[in-house]
Amino acid sequence: MTSVLVTGATGFVGQRLVPVLVDAGHDVRAMTRHPETYDGPGEPVFGDVHDPGSLADALAGVDVAIYLVHSLDDDDFEHKDAEAARGFGLAAAAAGTQQIVYLGGLGKDGDDLSAHLRSRREVEQLLGESGVPVTVLRAAIVVGAGGISWEMTRQLVKNLPAMVVPRWATTRTQPIALEDVIRYLAGVVGNEAALGRVFEVGGADQVSYLEMLQQAAEVMNGRKPPIFVVPVLTPKLSSYWISFVTNVDVTTGRNLIDSMGTEVIQTDFAIRDVVPGEPLTYAEAVRKAVAES
């Protein structure tokens, strides 16, 4: 039996991952800052990645640690996430942890990465700095009920009969269903073929953000809304527009939108050799998210 610690166990991905790991027979610890209120499966344990002193007990005896933490809602998220990753890697090494699994961001390395994606790359490196093998799954937008990116899409489609969108809406991306992210995360836990490797994960479709809005509207409303692309809507103005139309706050919206001008599509499919199975289409992912919303 593998002992697995899930950080962010009450978050968007973590709360769906923990029961899958428990069902697979793993001994699962659900790390949270409020274990007294945790009512999901697994053993609740206290831990805060921003307080390195709290991690020793949480990681004691853990074989695999799954790292699902990031701070998009903070203006200083790059510094906060770097410090947290460095401290977590040190604590995992001290505890004798054999693998860290990290859900990062899809996109090719280079100088044109957004601050959000640069931060995800830095976290990948810092988690492994102390010597624990890291398995990285790089994903673009994860489509599932409760996810920030999906909520932004859902509320835009719900609240606007027609849309004016910025030029970045024509950028291609490769959204992935939450169900497939969970399947990949669970599949690499304790898997020797995944140790120390970076995998790209994506859904079945490569689409633009504009096409994502249109397909979501077709699933939700039975029709595609009129959408007009304008070249002058800056990321800052876009974030205010998003926060006005949806309940996504300005800081989170801006950090997400900053990444949307960069094409993020899957070009490496090695994950399918390690965790076999065909991913869902975007429309299938939307239908599942709508059913759960």
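The values are calculated or read from the model by the stated rules, or taken from the named source; none is laboratory data. Being a predicted model, the structure only gives us computed values, none of them experimental. Cβ coordinates were reconstructed from backbone atoms using ideal geometry, including for glycine residues, and neighbour counts include every protein chain displayed.
Out of the residues in the stretch 45-78 that are buried (at least 20 other Cβ atoms within 10 Å of the Cβ) and in a strand (DSSP E or B), which is farthest from the chain's Cα centre (by Cα)?
It comes out as 45.
Within the stretch 129-228, which strands (runs of 3 or more DSSP E) (wholly inside it) include 2 or more residues that are at negative phi and at pLDDT 95 or above?
Counting at least 2 such residues, we get 134-139, 198-200.
Can you say whether residue 81 is crowded, with 18+ Cβ neighbours inside 10 Å and more than 16 Å from residue 29 (Cα to Cα), as far as the supplied structure shows?
So residue 81 fits the description; yes.
Restricting the first residue to the stretch 267-283 and requiring it to be exposed (fewer than 13 other Cβ atoms within 10 Å of the Cβ), which pairs with a second residue that is part of a loop (DSSP other than H, G, I, E, B) and hydrophobic (A, V, I, L, M, F, W, C) meet a Cβ separation below 9 Å and a spacing of at least six or different chains?
Partner pairs satisfying both residue conditions: 278/204.
Which one is farthest from residue 186 (Cα to Cα), of the residues in the stretch 10-46 that are among the aromatic types (Phe, Trp, Tyr) and in contact (Cβ under 8 Å) with a residue 24 or more places away in the chain?
Checked the stretch 10-46; the qualifying residue farthest from residue 186 (Cα to Cα) is 38.
Residue by residue through the stretch 251-282, note down the ones that are outside any loop (DSSP other than H, G, I, E, B), at pLDDT 90 or above and under 20 Å from residue 12 (Cα atoms).
282
Could you look through the stretch 1-23, keep only residues that are assigned to a loop (DSSP other than H, G, I, E, B) and in contact with a helix residue (DSSP H, G or I) (Cβ under 6 Å, 6 or more places away or on another chain), and pick out the one that is surrounded by the most Cβ atoms within 10 Å (Cβ to Cβ)?
Filtering the stretch 1-23 down to residues assigned to a loop (DSSP other than H, G, I, E, B) leaves 1-2, 7-13.
From what is left, the residues that are in contact with a helix residue (DSSP H, G or I) (Cβ under 6 Å, 6 or more places away or on another chain) are 8-9.
On the way: 8: 20, 9: 26.
Step by step, filter the stretch 1-23, then rank; the result is 9.
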